[in-house]
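Below is one structure; the comments refer to it alone.
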Amino acid sequence: MTTLAQAAVAVLTVAEPGDKTRLTKGFSADWRSGRIAEVGHAEPPVRPARPAKPDILPPNRMPRRGIGAAAGKISLLHALAHIEFNFRLKPAKQTKAAKRPVQP
């Protein structure tokens, strides 16, 4: 028997987006139908799996969407999640000002 928490961990450990989507839709259907009935508890991975070489497009190659519609709001949240995730993976760059000693 799978719990909702175990299903979520299973999704987080799959790297390929298509597989992740199929798994999510399957678990969602299982939850709605009652095949998954317990929330449960499961230890999430330290980092979610991601593709070895994700497609990263420059902003000018991304589709334009207004933020008034639901699709635009979803797109904006998705973009912010990518920015946050990638920002946390890169080491911070030091500026010249950061290297100078602080004056008392």
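Values quoted throughout were computed directly from the atomic coordinates according to the rules given, and no laboratory measurement underlies them. Since this is a predicted model, take the numbers as computed values, not measurements. A quick note on method: Cβ atoms are made from the backbone with ideal geometry, for glycine too, and the neighbour counts reach across all protein chains shown.
Please work out whether region 1-50 counts as rounded, prolate or oblate from its C-alpha gyration tensor, where a ≥ b ≥ c are the square roots of the eigenvalues and a/c under 1.5 means rounded, while otherwise a/b larger than b/c means prolate and anything else oblate? Judged from the Cα gyration tensor, region 1-50 comes out oblate (a/c at least 1.5, b/c at or above a/b). Distance between the modelled labels on R35 and T21, one decimal in nanometres: 2.0 nm (7 Å Cα→Cβ projection).
Summary of packing: across the peptides 25-33, 45-53, the per-residue average of other C-beta atoms within 10 Å ranks them, highest first, as 25-33, 45-53.
The label-point distance for A10 and R65, in a model that sets each label 7 Å from Cα toward Cβ, rounds to 2.7 nm.
For L76, L23, L57, the sequence from fewest to most other C-beta atoms within 10 Å is L57, L76, L23.
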